[in-house]
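Quick notes on the structure that follows.
The values are calculated or read from the model by the stated rules, or taken from the named source; none is laboratory data. Everything numeric here is computed off the predicted structure, so don't read it as measured data. Note: ideal-geometry Cβ built from the backbone for every residue, glycine included; neighbour counts use all protein chains shown.
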Amino acid sequence: MPLELADAIALPDSPEKDYLYTLNFGPQHPATHTTLRLILTLDGETIVRAVPDIGYLHSGFEKLGEHLDFNQYVTIVDRMNYISPVANEIAWHNAVEKLLGIELTPRAKYIRTIFAELSRIHDHLLCCGAAALDLGGFTAFLYAFYQREKIYDIQETAAGQRFHPSFTRVGGLMRDVDDDWIAKVRTFVKEFPKAHSDVRRLLDRNRIFIERTQGIGVLTKEMAINMSVTGPLARSAGVVRDLRKDEPYLAYGDLAGAFKVVCATDGDCFSRYLVRMEEMLHSLNIINAAIENLPTGPVNVDANSKVVLPNQMSVYRSIEGLIHHFELIMTNRQWKSPVEECYAATESANGELAFYVVGDGSGTAYRARTRPPAFIHFQLFPYLMQGHQLSDVVAVLGSLNIIAAELDR
Amino acid sequence: MADTERIAVVRERFDATASLLRGKLGSDVFTTSTFRDNCRLIASSDKVYVILEACKLHGFDMLADMSGADYLHYPDAKDRYGVWYCLVNTSTGERVIVKTYVNDPNPTLPSVYGLWKGCDWMEREVYDMYGIEFKGHPDLRRILLPDEFSSFPLRKDYPMRGKGERHNFNPILRSES
């Protein structure tokens with residue numbers, strides 16, 4: 001395996017370099033959380049060079065995307081960032097609906113917005129909790145994970161599946177939400193701030209946590225922009241950019257008053273933690289505003305538009321319903337996508353999660369390119385690690401929130 | 001609809017940008033096309049670097065995404081591979097997609113590593129999946145697939161089930177790893 005990283009990170013100019021030694025970190029290591037490998041060149045405990053070696057979880061998702069139709073591929077998309085699965089589904093169907101030119105119903109937009117924000121909280125909770133866990137703070141992790149369970153319950157109530165709900169469909173959702181779901185979201189909105197402040201009180205002024213994260217892995221604004229960094233990572237480095245405000249999609253245009261863009265200027269691991277913690281409260285405000293103003297009406301677009309599956313009753317009891325169902329299920333019928341291509345981006349918890357869908361006239365994407373934020377962010381790692389200590393590897397890894405399934409796809 | 005208004009604004013800004021770039025580079029360097037809110041500059045592979053460089057100077061300071069596709073069986077396609085660069089101006093939020101095409105044999109493009117360092121892994125991924133070479137990339141090797149892998153799996157002539165690599169994979173000995 002070649003170890004060279006041909007870039008500005010040169011070894012210190014010394015006639016004898018044999019005091020440097022190489023350490024293999026991963027592919028299986030508790031702090032990588034999933035399967036990724038780092039090759040570290042060390043001078044004592046100082047990292048001279050860090051080379052990520054990825055691909056251990058590559059399973060050809062994008063090739064599958066060229067063989068599964070627009071609704072089937074959602075189950076695969078789910079498994080990319082499995083920490084916040086619904087955010088991936090929303091991003092995927094957002095791109096497909098843009099390609100097909102479908103305008104969602106207001107109710108579907110609001111429900112999707114609530115799910116997108118729950119996913120953000122979902123993701124940030126794991127990221128902040130696991131960052132604390134890797135640095136020795138077990139209690140904060142447990143508080144965070146307990147709240148994640150609540151969100152799993154909400155997903156289960158809506159979709160019947162806890163971990164990979166596959167909840168969105170072209171033109172709407174798998175099914176409408178019920179009062180039980182709304183009650184659960186309301187309870188979550190009421191109870192979450194307490195758990196959130198518990199986590200903050202455990203970490204915000206924790207000497208160990210601060211000393212291990214402040215000034216570690218500093219990302220400058222110029223570098224963030226040049227390295228394509230988006231999301232909380234970029235915002236913690238001072239890039240004021242949030243697609244929910246800049247290019248409002250779903251119901252974010254209506255709910256723009258409910259949230260602000262959270263930014264910091266330091267760009268270190270601690271400010272990434274602070275930005276994520278603060279973003280959760282703004283997400284909660286969005287959920288609160290959306291659930292209280294949830295529009296009534298149908299959740300799917302009109303079945304006569306032949307883009308959504310008709311409901312079961314009309315399939316069994318009317319010939320039109322049966323034909324509509326048939327038209328979407330038969331592989332030689334399905335959706336008629338334009339022979340065009342489009343890039344559609346959403347602001348997921350980790351950053352810009354986008355799909356570039358190429359349509360060839362059929363109901364299957366000709367090319368379904370994912371823009372995975374974890375993949376883009378992980379190339380920062382060698383730059384952030386330079387000159388730091390070995391023990392800072394876990395702090396930086398935790399703050400980048402690398403999800404290997406999304407990294408390798 | 002708010003969306004149609006936004007698309008109108010986006011296209012108006014794009015027209016201004018495109019005419020500005022035309023003034024700088026000449027009118028026959030690229031063609032434009034739009035779809036929904038996606039605005040594209042389409043150029044041949046030998047001109048694409050000049051356009052990207054001009055875009056960077058114009059203020060598109062971030063390369064949001066970059067990837068490619070194999071248009072082997074695509075309706076009315078003239079060229080085999082397409083590569084797109086999604087650029088963002090982080091201060092105005094403006095987006096533009098620069099698209100180019102390359103062909104067999106030896107599909108080659110200039111690397112944009114000098115303009116946006118973020119292209120590093122994205123170019124490696126395109127090379128990994130399609131075999132398009134990026135001249136000037138400092139470290140062009142496979143990224144997701146093993147180095148020993150011999151084909152380019154996202155090409156359309158590569159079967160979904162593979163060519164049996166999984167069953168004929170040479171074991172890696174400890175001494176070689």
Checklist entry - With respect to B:Ser33, is the statement that it is within 14 Å of another protein chain (Cβ to nearest Cβ), touching a strand residue (DSSP E or B) at 6+ places or on another chain (Cβ under 8 Å) and farther than 27 Å from B:Ser151 by Cβ true? => result yes
Checklist entry - Residues of the range A:361-404 being closer than 23 Å to A:Gln72 by Cα and surrounded by fewer than 21 Cβ atoms within 10 Å (Cβ to Cβ), which ones? => result A:Gly361, A:Ser362, A:Thr364
Item to check | Residue that is surrounded by the fewest Cβ atoms within 10 Å (Cβ to Cβ), among those in the range A:149-194 that are touching a His at 6+ places or on another chain (Cβ under 7 Å) and within 12 Å of A:Phe115 (Cα to Cα) | outcome: A:Ile151
Checklist entry - Looking at this structure, is A:Ile76 in a helix (DSSP H, G or I) and more than 14 Å from chain B (Cβ to nearest Cβ)? => result no
Checklist entry - Can you tell me which of A:Val357, A:Val339 is among the β-branched types (Val, Ile, Thr), buried (at least 22 other Cβ atoms within 10 Å of the Cβ), in contact with a strand residue (DSSP E or B) (Cβ under 9 Å, 6 or more places away or on another chain) and not in a helix (DSSP H, G or I)? => result A:Val357
Checklist entry - Hey, any hits in the range A:217-229 for a residue that's within 12 Å of chain B (Cβ to nearest Cβ), touching a Lys or Arg at 6+ places or on another chain (Cβ under 9 Å) and polar (S, T, N, Q)? => result yes
Next on the checklist: Going residue by residue through the range B:75-92, is there one that turns out to be surrounded by fewer than 17 Cβ atoms within 10 Å (Cβ to Cβ), away from chain A (no Cβ under 11 Å), in contact (Cβ under 8 Å) with a residue 60 or more places away in the chain and not basic (Lys, Arg)?
Outcome noted: no
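Is there a residue in the range A:79-94 that is at pLDDT 85 or above, assigned to a helix (DSSP H, G or I), within 13 Å of another protein chain (Cβ to nearest Cβ) and under 24 Å from the mean Cα position of the chain (by Cα)? Explain how you work it out, then say what you get.
Our first condition is that a residue be at pLDDT 85 or above; within the range A:79-94, this holds for A:79-94.
Restricting the remaining residues to those that are assigned to a helix (DSSP H, G or I) gives A:85-94.
In the following step, the residues that additionally are within 13 Å of another protein chain (Cβ to nearest Cβ) were identified as A:91, A:94.
Those still in the list that are under 24 Å from the mean Cα position of the chain (by Cα) too: A:91, A:94.
Yes.
Every residue, every condition in (1) under 19 Å from A:Glu352 (Cβ atoms); (2) of a type in the set (A, V, I, L, M), yes or no:
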| position | (1), (2) |
| --- | --- |
| A:Tyr73 | no, no |
| A:Pro85 | yes, no |
| A:Ile90 | yes, yes |
| A:Glu103 | no, no |
| A:Arg107 | no, no |
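What about A:Tyr249, is it within 14 Å of chain B (Cβ to nearest Cβ) and in a loop (DSSP other than H, G, I, E, B)? Lay out the reasoning, then the answer.
Numbers: within 14 Å of chain B (Cβ to nearest Cβ): yes; in a loop (DSSP other than H, G, I, E, B): yes.
Yes.
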Checklist outcome for this item: Among the residues of the range A:315-356, the number that are within 22 Å of A:Ile403 (Cβ to Cβ) and of a type in the set (Val, Ile, Thr) is 1
Checklist outcome for this item: Within the range A:29-56, of all residues that are in a strand (DSSP E or B) and out of contact with any Phe, Trp or Tyr (no Cβ under 8 Å at 6 or more places or on another chain), the one surrounded by the fewest Cβ atoms within 10 Å (Cβ to Cβ) is A:Thr46
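Name every residue in the range B:137-177 that is of a type outside the set (Lys, Arg) and more than 27 Å from the chain's Cα centre (by Cα), in order of residue number.
Keep residues of the range B:137-177 that are of a type outside the set (Lys, Arg), which gives B:137-140, B:143-154, B:157-160, B:162, B:164-165, B:167-173, B:175-177.
Within the range B:137-177, B:Gly164, B:Glu165, B:His167, B:Asn168, B:Phe169, B:Asn170, B:Pro171, B:Ile172, B:Leu173, B:Ser175, B:Glu176, B:Ser177 meet the criteria.
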Checklist entry - Across the range B:134-153, what is the number of residues that are more than 9 Å from every other protein chain (Cβ to nearest Cβ), farther than 18 Å from B:Ile172 by Cα and surrounded by fewer than 16 Cβ atoms within 10 Å (Cβ to Cβ)? => result 3
Next on the checklist: I'm trying to understand the selection: among the residues of the range B:36-50, which are away from chain A (no Cβ under 11 Å), under 30 Å from A:Gly101 (Cα atoms) and either among the aliphatic types (A, V, I, L, M) or in a loop (DSSP other than H, G, I, E, B) (or both)?
Outcome noted: B:Leu41, B:Ile42, B:Ala43, B:Val48
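Can you tell me which residue is surrounded by the fewest Cβ atoms within 10 Å (Cβ to Cβ) among those in the range B:120-132 that are more than 8 Å from chain A (Cβ to nearest Cβ) and more than 14 Å from B:Val48 (Cβ to Cβ)?
That would be B:Gly131.
Among the residues of the range A:345-357, is there at least one that is over 18 Å from the mean Cα position of the chain (by Cα) and of a type in the set (Asp, Glu)?
Within the range A:345-357, the subset over 18 Å from the mean Cα position of the chain (by Cα) is A:357.
Filter once more, keeping what is of a type in the set (Asp, Glu): none.
No - not one qualifying residue is present in the range A:345-357.
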Checklist outcome for this item: Residues of the range B:26-35 being surrounded by fewer than 17 Cβ atoms within 10 Å (Cβ to Cβ) and not in a strand (DSSP E or B), in sequence order, are B:Gly26, B:Ser27, B:Asp28
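How about the range A:195-240: which helices (runs of 4 or more DSSP H) wholly inside it have at least 3 residues that are buried (at least 24 other Cβ atoms within 10 Å of the Cβ) and in contact (Cβ under 8 Å) with a residue 60 or more places away in the chain? First the steps, then the outcome.
Details: elements: A:207-213, A:221-226, A:231-236.
So the answer is A:231-236.
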Checklist entry - How many residues does the range A:158-180 hold that are more than 20 Å from A:Asn88 (Cβ to Cβ) and either assigned to a helix (DSSP H, G or I) or in contact with a Lys or Arg (Cβ under 9 Å, 6 or more places away or on another chain) (or both)? => result 3
Checklist outcome for this item: Only one of B:Lys163, B:Lys117 is surrounded by fewer than 16 Cβ atoms within 10 Å (Cβ to Cβ) and either assigned to a loop (DSSP other than H, G, I, E, B) or more than 7 Å from chain A (Cβ to nearest Cβ) (or both), namely B:Lys163
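For the range B:93-113, how many residues are away from chain A (no Cβ under 11 Å) and either touching an Asp or Glu at 6+ places or on another chain (Cβ under 8 Å) or modelled with pLDDT under 90 (or both)? Write out each step before concluding.
Step one: filter the range B:93-113 for residues away from chain A (no Cβ under 11 Å), giving B:98, B:100-112.
Cutting the leftovers down to either touching an Asp or Glu at 6+ places or on another chain (Cβ under 8 Å) or modelled with pLDDT under 90 (or both) gives us B:101-109, B:111-112.
Residues flagged as away from chain A (no Cβ under 11 Å) and either touching an Asp or Glu at 6+ places or on another chain (Cβ under 8 Å) or modelled with pLDDT under 90 (or both) within the range B:93-113 amount to 11.
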Checklist entry - Mind checking whether some residue in the range A:149-157 is of a type outside the set (Gly, Ala, Ser), part of a helix (DSSP H, G or I) and farther than 30 Å from A:Gln312 by Cβ? => result yes
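Determine whether A:Ser348 is surrounded by fewer than 24 Cβ atoms within 10 Å (Cβ to Cβ) and either closer than 19 Å to B:Ile143 by Cβ or of a type outside the set (D, E, K, R) (or both).
Details: surrounded by fewer than 24 Cβ atoms within 10 Å (Cβ to Cβ): no; either closer than 19 Å to B:Ile143 by Cβ or of a type outside the set (D, E, K, R) (or both): yes.
Taking the combined requirement at face value, the residue does not satisfy it.
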Item to check | Test: A:Thr296 is modelled with pLDDT under 85, more than 14 Å from chain B (Cβ to nearest Cβ) and on the phi < 0 side of the Ramachandran plot | outcome: no
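With the requirement that a residue be assigned to a loop (DSSP other than H, G, I, E, B), crowded, with 19+ Cβ neighbours inside 10 Å and of a type outside the set (S, T, N, Q), what does the range A:307-336 give you?
Filtering the range A:307-336 for residues assigned to a loop (DSSP other than H, G, I, E, B) gives A:307-311, A:318, A:330-336.
When the remaining residues are screened for being crowded, with 19+ Cβ neighbours inside 10 Å, the result is A:307-310, A:334-335.
Residues satisfying the conditions are A:Val307, A:Val308, A:Leu309, A:Pro310, A:Trp335.
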